[in-house]
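Enquirer: Here it is: the structure, laid out below.
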Amino acid sequence: MQAGKATAAQLPQDAAGRYSLNVMHAAAGNLARDKPSEWLRTAKAQEMVAEAKAGFPALDPVAVQKGGAYPGVWVCRELVYAYAMWISPKAEIRPLPRALAGAAPSRT
């Protein structure tokens, strides 16, 4: 997958409607410093996750799947934007809106 070439078909969703950050990470160049797990460790990400949990109590906005058929970090739509902008502000104007354009609305 080429960096910056994410499409809706490349951003899979889990049964709860969360998106795969691992696919976004690969589309952004797969740099170790940009791993979804690194982002989740930041104070800003923790703050945003807490806010998402408070605002959408019916859905856990983050799911970490270790192993299995679909491993990785899965997040609600709002956190996809936050993660992408943490990697690079260009994500907002390049691949991210394209990647989410055809996806189902967030279930949060």
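The values are calculated or read from the model by the stated rules, or taken from the named source; none is laboratory data. None of the values given here were measured: they were computed from a predicted structure. Glycine gets a Cβ as well: all are built from the backbone with ideal geometry, and neighbour counts include every protein chain shown.
Enquirer: Considering E47, E38, which residue is closer than 20 Å to W86 by Cβ, modelled with pLDDT of 90 or more, over 14 Å from the mean Cα position of the chain (by Cα) and in a helix (DSSP H, G or I)?
Expert: The unique qualifying residue is E47.
Enquirer: Report, ordered by the first and then the second residue, all pairs with beta carbons closer than 9 Å, sequence separation of six or more or different chains, a first member in region 13-31 that is closer than 12 Å to V62 by Cβ and surrounded by fewer than 16 Cβ atoms within 10 Å (Cβ to Cβ), and a second member that is among the aromatic types (F, W, Y) and at pLDDT 90 or above.
Expert: D14/W74; A16/W74
Enquirer: Hey, another quick one. Take region 46-71 and flag every residue that is touching a helix residue (DSSP H, G or I) at 6+ places or on another chain (Cβ under 9 Å) and either in contact (Cβ under 8 Å) with a residue 60 or more places away in the chain or surrounded by 15 or more Cβ atoms within 10 Å (Cβ to Cβ) (or both).
Expert: M48, V49, A52, F56, L59, D60, P61, V62 - these are the residues of region 46-71 that are touching a helix residue (DSSP H, G or I) at 6+ places or on another chain (Cβ under 9 Å) and either in contact (Cβ under 8 Å) with a residue 60 or more places away in the chain or surrounded by 15 or more Cβ atoms within 10 Å (Cβ to Cβ) (or both).
Enquirer: For region 18-34, name all the residues that are assigned to a loop (DSSP other than H, G, I, E, B) and either modelled with pLDDT of 95 or more or within 11 Å of the chain's Cα centre (by Cα) (or both). Outline the logic, then answer.
Expert: Taking region 18-34 first, the residues assigned to a loop (DSSP other than H, G, I, E, B) are 18, 28-31.
If the condition is that a residue be assigned to a loop (DSSP other than H, G, I, E, B) and either modelled with pLDDT of 95 or more or within 11 Å of the chain's Cα centre (by Cα) (or both), then R18 is the only one that fits.
Enquirer: Of all residues in region 50-66, count the ones that are in a loop (DSSP other than H, G, I, E, B) and under 19 Å from Q13 (Cβ atoms).
Expert: Going residue by residue through region 50-66, those that are in a loop (DSSP other than H, G, I, E, B) are 56-61, 66.
Next, from what is left, pick out any that are under 19 Å from Q13 (Cβ atoms): 56, 58-61, 66.
Going through region 50-66 one residue at a time, the tally reaches 6.
Enquirer: Just to verify a result, which residue in region 72-87, among those that are touching a residue at least 24 places away in the same chain (Cβ under 8 Å), part of a helix (DSSP H, G or I) and closer than 15 Å to A26 by Cα, is nearest to the chain's Cα centre (by Cα)? Don't jump to the end; show me each part of the working.
Expert: Going through region 72-87, the residues touching a residue at least 24 places away in the same chain (Cβ under 8 Å) turn out to be 72-80, 82-84, 86-87.
Keeping just the survivors that are part of a helix (DSSP H, G or I) gives 77-80, 82-84, 86-87.
Still in the list and also closer than 15 Å to A26 by Cα: 80, 83-84, 86-87.
Numbers: V80: 3, Y83: 6, A84: 7, W86: 11, I87: 11 Å.
Once the filter is applied, the top-ranked residue is V80.
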